[in-house]
Amino acid sequence: MTHTNLTSRTTRRLGERRALRCVIAASLVAIMACSVSIGAARAAMPVIRDVQRKVVKIYGAGGLRQMEAYQSGILVSAEGHVVTALSYVLDTDDVAAVLDDGRKFSVEFVGSDPVLELAVLKLNLGDEQVSWFDLKEAAAAAPGEPVLAVSNLYGIAAGDEPASILQGVVTAIAPLEARRGAFQANYRGDVYVVDAHANNPGAAGGALVDWRGRLLGVLGKELKSRVTGAWLNYALPVETWAGSVEAIIAGRNATGSPGLALAPEEPLTLADLGVVLVPNLLARTPAYLDAVRPGSPAASAGLRPDDLIVFVAGEPTASCSEVIETLGRIDRRDELRMAVLREGELVDVVLAAEIDEEPAGPPSSAGEVDEPAADESDSTEPAAGESNREGA
Amino acid sequence: MRQPAAAQPLLTSPAVTSPGTECMASCLFIAVATLALGVDTALDVPADVLAAQDVRVAAMARATEATVAIFDAAGQGGGSGVLISPDGFALTNFHVVASGGPAMKCGLSDGVLYDAVLVGIDPVGDVALVQLLGRDDFPVAEIGDSDAVRVGQWVFAAGNPFLLADDFTPSVSYGMVSGVRRYQYPAGTLLEYTDCIQTDAAINPGNSGGPLFDADGRLIGINGRGSFEKRGRVNVGVGYAISINQALRFLGHLKSGRIVDHASLGATVSTEDDGVIVDDILESSDAFRRGLRYGDQVVQFAGRDITTANALQNVLGVFPPHWRVPMRFRRDGQTYDIVVRLESKHDPAELVGLVQREEVDPSRPPGEEPQPDAPGPDAPDPEGPQMPDLRKLLGKEPKLPAAIAERYVQRRGFANYWYNQQAQLRLWERWLEQMQDEGGDSLGYDWQIAGHVATGGEFRLTTGRQQSEIRLPQGVTGAVFRDDLSVQLSPPGSGGLLLAIHLWQRMMDEGLRTFGEVVYLGRLPYGLEGRPADCLSCLYGGVEMRLFYDEQTGALAALETYPSDDVDPCELIFSDYREAGGRILPYHWVVRFGDGEFATLEIDAYKIASPAAASGRDRE
């Protein structure tokens, strides 16, 4: 069900409308915005302070060269739910969040949306109270509207220091066409493009707000334009992710939902499908296909290398581990529905999980094998072999 | 003067979206074109918006007059600065002047290039003071209060980014205060930015040392560095300015021509679950003598709540050494308030060594230092082949312009000793004038002073060249001034009152020249109120004496004697100056030692037996 929701939402492609309409109007508003007087800035100070209370500093994995071990997050519930970027920073059990007043909380990973590359965390608040953005009161901005980007960019704020504020205007609402290194960004929908240097290291997960302190969007990860190579400054509008986040919080999308908890008699493996995932180095390595064995069920279903597995049997899968785990709960004799993200589009596939007849394994009539031990060797060894070949 | 080699990349720096780049450009073009045509007619902009714009334009026009474009003597690099007094004193960054020698050229928005000389440097705080020469009516910046700066406030930076301005007209960039009381790590122990202002007004290479103004054009900071990392050395919305309050607190020190150090508490702290806890403390530190101990929880420092170890480091960094700062700590549920005399962060020789290294190879603060003094992308690659340092090869300084040469004296430990000499001379001459000492009779050492103690009872003080004696309600004590003076600390509990009086008499009798090294330290707080005053330091017989001069009258406001580095001084605070023995002398003395007051002495009469006229002009 959630699967369908997400698909339709994404395929609706908010970006169908051309981004840069109302050019004149935009520039007009921009001129007015630039002239926001000193008085207006003073009036904004309580608003800024209020927003800073709702933006958290997140510390986790990283720390290597150009991989900062910190990012930002937005509090979206009284229970301490935080929306942030889905990134390597969360690839540790030791994620902590620090509020503007220095209060530090351990963090639970609630769920994630692999298309939007957003994660939902929950602070272990205990009896503590926090300020938060009510997503129902979020706003939308038009090009030319003055905005504030609030984040812990560069990790400047430490301890009880509040997040940094950058100001600018929404310069455009346009589809995100971006890359990170050689990879395409997953999300291709509309984003707010801003003229503030909003998306510096550590800013991902921060808030874009209007001058009344209303949440407009969440600052995305560091990305470069696919066309110009310039660093992008953008935020994902609340309307694009509120539904998904609410679903995750409600538990509908939560990973490891109880519905599939029973272990099947003959669990499905990657090798059964004929796919090899990218090396699973991190706790949350995205589930990209590294290779597809020719003639395999995966190949027949049209899967290709570089596809990102985002749903397995209706379950969102944010990582290689989650794909393997979810497959493990599916009987190999069942038909398998998956969704992959390919060049920004969700593609649904149906795989008939037959045992491949070509390579090493003993010839078998699908689903009729009665020796589990033999099955196991069949399923693991070709996979390992595949993997080694790919690596060589 | 220089080709704006870096102008091209700057044009491409604002990040815009991919599909919209051209549209955006045209959008901006239309906006700009509309502005050029006159917004009032074309767009019907509300009057108050236009009025706000006029205010801003006027503030910028005023503020940029005081903004300085600095070029080193060799024309190799430069930065920015800001004038703070009509006689040409201007603040800039240490890293702008670090390798340029004592002479430089400074351009103002009037298009004139002035000679300027290095005055003093603060390598830890990355501040330097220079003096522009040739006028006594330089335009100056109006000073703001950086402690009142708030996040969200509009600000603008002025300066010479990329050394663009051929006619020295500063570039202005507008933005917002993104954060206050920020901390940016040092390179080693130098270039530490504490309690600084973070702004998204564009701070680019060449802006270094230039002013950050509030929206009304008041000076609130000195722009010095930014966060850059992987995005190249152009602004990405994160610049840092040293607070003007910090810079001005060091101003007196900088005017001393010294290489100025920053302060250390003499204790280290760590953030624990139950607060900020002292985890190490030097037993020789003033903090220890005031009662701070291992395991104590630091609650407040300089009036600021301390919630993390970083916060303490952040507040500590804005003070010069010897500054006295109130501090509150907690032990066993009880709260203690003390006033701590801060010590130096570095040993003087160590600091000189670090600065000399900077002169040859300016450091790059961790990861993200802009090196904003370098002339942009055409600067030599720091990792690549380096131009040989000509000054090093020649083994001597190049010849200085005459105007500079007469204001520059080289001396170890000083950026420019000439300014220290001048300060010493100025204080001494004002003091003589105030004393009404016109080269007449010496006051000598043979004095008899009678008076009463504020807490009750009488006192009588008899002084001589070899020994002195004081009779107080609690008894009689004496001191002998031969050999090692540092052990003559009577009366007990005073920290050496008789010695302090002896050194005072010696200073009056023989002048400062008989003391060992005399140094003008700058402006330091003295006494209980901690009012800053000009301070001279001198050594005699192993004892350091610090003399504080009243700004208004030039009188000696206080003196402190330090028998050694690790003990409290005897503090003698003078007031109620009146005529005595043909001179003007203080009739109210407060004697302080350690945590408290030793005595307040009200003088009834000075009886001074001048050596020239033995029974001279006594006065009852």
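The values are calculated or read from the model by the stated rules, or taken from the named source; none is laboratory data. The model shown is predicted, which means the values in this text are computed figures rather than measured ones. Cβ placement follows ideal geometry from the backbone for every residue including glycine, while neighbour counts extend to all protein chains displayed. Heads up: the accessible areas ignore ligands, DNA and RNA and are worked out on the full protein's heavy atoms, side chains in. Shrake-Rupley method; radii C 1.70, N 1.55, O 1.52, S 1.80 Å.
Listed values, structure above:
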| read-out | value |
| --- | --- |
| Count of the range B:185-200 residues which are at the interface with another protein chain (Cβ under 8 Å from one of its Cβ atoms) and open to solvent by 10 Å² or more (accessible area, probe 1.4 Å) | 1 |
| Tally of residues being open to solvent by 10 Å² or more (accessible area, probe 1.4 Å), over 13 Å from residue A:322 (Cα atoms) and either in a loop (DSSP other than H, G, I, E, B) or not assigned by TED's automatic domain parsing to the domain that holds residue A:323 (or both) across the range A:273-302 | 8 |
| Single unsatisfied condition, residue B:564 versus (1) closer than 20 Å to residue B:342 by Cβ; (2) touching a Cys at 6+ places or on another chain (Cβ under 9 Å) | (2) |
| Check on residue B:148, of a type outside the set (S, T, N, Q) and away from chain A (no Cβ under 14 Å) | no |
| Sole exception among (1) more than 14 Å from chain B (Cβ to nearest Cβ); (2) surrounded by 18 or more Cβ atoms within 10 Å (Cβ to Cβ) for residue A:52, by number | (1) |
| Evaluation of residue B:516 against (1) farther than 25 Å from residue B:451 by Cβ; (2) in contact with a helix residue (DSSP H, G or I) (Cβ under 7 Å, 6 or more places away or on another chain) (one fails), failing number | (2) |
| Residue satisfying condition, being touching a residue at least 12 places away in the same chain (Cβ under 8 Å), open to solvent by 10 Å² or more (accessible area, probe 1.4 Å) and more than 8 Å from chain B (Cβ to nearest Cβ), within set A:125, A:208, A:215 | A:125 |
| Residues located in the range A:179-205, provided they are touching a Ser or Thr at 6+ places or on another chain (Cβ under 6 Å) and more than 12 Å from chain B (Cβ to nearest Cβ) | A:189, A:205 |
| Filter result for residue B:136 (over 16 Å from residue B:64 (Cα atoms), under 19 Å from the mean Cα position of the chain (by Cα), at pLDDT 95 or above and open to solvent by 40 Å² or more (accessible area, probe 1.4 Å)) | no |
| Strands (runs of 3 or more DSSP E) contained entirely in the range A:138-217, each with at least 3 residues that are of a type in the set (Ser, Thr, Tyr) | none |
| Residue list for the range B:262-283, filter: more than 14 Å from residue B:341 (Cβ to Cβ) and open to solvent by less than 10 Å² (accessible area, probe 1.4 Å) | B:262, B:276, B:278 |
| Any hit, the range B:119-132, residues being open to solvent by 10 Å² or more (accessible area, probe 1.4 Å) and touching a Pro at 6+ places or on another chain (Cβ under 9 Å) | no |
| Which numbered condition residue A:47 fails, given (1) modelled with pLDDT of 90 or more; (2) outside any helix (DSSP H, G or I); (3) of a type in the set (Val, Ile, Thr); (4) open to solvent by 20 Å² or more (accessible area, probe 1.4 Å) | (2) |
| Those residues of the range B:598-610 which are part of a strand (DSSP E or B) and either out of contact with any Leu (no Cβ under 8 Å at 6 or more places or on another chain) or hydrophobic (A, V, I, L, M, F, W, C) (or both), in sequence order | B:598, B:599, B:600, B:601, B:602, B:603, B:604, B:605, B:607, B:608 |
| Selection within the range B:484-538 - of a type in the set (Lys, Arg) and in contact with a strand residue (DSSP E or B) (Cβ under 8 Å, 6 or more places away or on another chain) | B:506, B:523, B:531 |
| Residues being within 17 Å of residue A:144 (Cβ to Cβ) and not hydrophobic (A, V, I, L, M, F, W, C) - total across the range A:197-224 | 4 |
| Residues located in the range B:568-599, provided they are surrounded by fewer than 17 Cβ atoms within 10 Å (Cβ to Cβ) and closer than 21 Å to residue B:456 by Cβ | B:575, B:576, B:588, B:596, B:597 |
| Any helices (runs of 4 or more DSSP H) falling wholly within the range B:39-108 and containing at least 1 residues that are within 14 Å of chain A (Cβ to nearest Cβ) and open to solvent by 20 Å² or more (accessible area, probe 1.4 Å) | B:39-43, B:47-65 |
| Some residue of the range A:304-323 being at pLDDT 85 or above, over 19 Å from residue A:186 (Cα atoms) and not acidic (Asp, Glu) | no |
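Quick grid of which residues meet (1) modelled with pLDDT under 95; (2) within 14 Å of chain B (Cβ to nearest Cβ); (3) open to solvent by 30 Å² or more (accessible area, probe 1.4 Å):
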residue	(1), (2), (3)
A:76	no, no, no
A:80	no, no, no
A:91	yes, no, no
A:104	yes, yes, yes
A:111	yes, no, no
A:114	yes, no, no
A:133	no, no, no
A:137	yes, no, yes
A:154	yes, yes, no
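Let's see how each residue does on (1) within 14 Å of chain A (Cβ to nearest Cβ); (2) surrounded by fewer than 21 Cβ atoms within 10 Å (Cβ to Cβ); (3) in contact with a helix residue (DSSP H, G or I) (Cβ under 7 Å, 6 or more places away or on another chain); (4) in contact (Cβ under 8 Å) with a residue 24 or more places away in the chain:
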site: B:241; (1), (2), (3), (4): yes, no, no, yes
site: B:245; (1), (2), (3), (4): no, yes, yes, yes
site: B:256; (1), (2), (3), (4): no, no, yes, yes
site: B:260; (1), (2), (3), (4): no, no, yes, yes
site: B:287; (1), (2), (3), (4): no, no, no, yes
